[in-house]
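The values are calculated or read from the model by the stated rules, or taken from the named source; none is laboratory data. Predicted, not measured: the structure shown is a model, and the values here were computed from it. Virtual Cβ from ideal backbone geometry, glycine too; neighbours counted across all protein chains shown. Areas reflect the complete protein model, heavy atoms only, side chains present, ligands, DNA and RNA absent. Shrake-Rupley method; radii C 1.70, N 1.55, O 1.52, S 1.80 Å.
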Amino acid sequence: MRVSATAHALVAATVLVAGGAMPTVASAQGTQKSAGIYSCIDANGKRLTSDRPIPECASRDQRLLNSDGSIRQVVPPVPTADERAAIEARQQEEALARAVQREAIRRDRNLLQRFPSEAAHNKARQAALEDTRKALRVSEARLAALEKERKPLLDESEFYVGKQLPIKLRQQIDGNDAATEAQRDLLQNQKAELVRVNELYDLELERLRKLWSGAQPGSLGALPPAEAASTPRKAAAR
């Protein structure tokens with residue numbers, strides 16, 4: 001699944017903010033006093049109390065008590081390096097998922113705005129296909145012209161059966177062969193482009209029909225390829 005550069009930037013910023021907010025050993029065991037009493041049982045089974053986070057209990061829960069002895073909150077252990085890495089990885093995955101969702105919503109809304117009806121979408125499809133059809137017609141005309149140019153060259157070469165062709169004639173025939181092969185390759189690419197454009201518009205239309213029927217933007221799962229059907233590549237012509 002592909003995501004825009006903006007989405008990736010948002011993910012990075014979210015992770016940095018989240019990472020900065022995560023408690024560290026230094027912050028949890030800082031010198032600033034907190035209004036309350038920390039209490040815990042250390043690894044030796046001894047109960048400890050302090051007016052600040054207790055370093056000996058950094059790897060276990062600590063209770064933050066009110067002045068009357070009631071529990072205000074339970075302070076979880078300070079994450080280890082591995083735990084912190086796992087938390088940051090999870091935060092990045094969650095941020096990426098949110099960015100992907102926002103991108104899906106944006107693209108669906110754009111589709112609805114550009115194509116309010118199936119007729120509008122079909123008009124855009126035909127316009128996109130016409131670019132490639134024009135290129136196909138140019139390629140077919142070029143192939144016909146090359147074939148026409150080839151005939152007198154072959155007729156002339158018959159005078160040299162069993163003999164070496166003159167250099168100029170040989171070059172002309174080779175040039176015609178190379179140009180014909182290149183034009184045929186281009187024609188095949190243009191035919192493949194017609195198929196590609198139609199497939200992309202089919203995917204887009206399937207999605208639009210659901211959106212027109214009331215599906216919420218961004219609720220339809222994975223989007224078609226990032227190269228949207230409504231902005232196809234133009235087939236090259238020679």
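Here R125, R196 are screened, and the one residue that is within 30 Å of L208 (Cβ to Cβ), open to solvent by less than 30 Å² (accessible area, probe 1.4 Å) and part of a helix (DSSP H, G or I) is R125. Look at the range 83-95: where a residue is over 21 Å from S59 (Cβ atoms) and a partner is of a type outside the set (K, R) and open to solvent by less than 90 Å² (accessible area, probe 1.4 Å), sitting 6+ places away or on another chain with Cβ atoms under 7 Å, you get Q91/V15; Q91/A18; Q92/V11; Q92/V15; A95/V11; A95/T14; A95/V15.
For the range 60-119, a residue qualifies if it is among the hydroxyl-bearing types (S, T, Y) and over 29 Å from the mean Cα position of the chain (by Cα), and the qualifying residues are S67, S70, T80. Candidates in the range 49-76 are the residues that are assigned to a loop (DSSP other than H, G, I, E, B) and surrounded by 15 or more Cβ atoms within 10 Å (Cβ to Cβ); of these, the one that is modelled with the lowest pLDDT is A58.
The lone criterion from (1) at pLDDT 95 or above; (2) surrounded by 14 or more Cβ atoms within 10 Å (Cβ to Cβ) left unmet by R209 is number (2).
Of the residues making up the range 150-165, none is under 20 Å from L205 (Cβ atoms), touching a residue at least 24 places away in the same chain (Cβ under 8 Å), surrounded by 12 or more Cβ atoms within 10 Å (Cβ to Cβ) and not hydrophobic (A, V, I, L, M, F, W, C).
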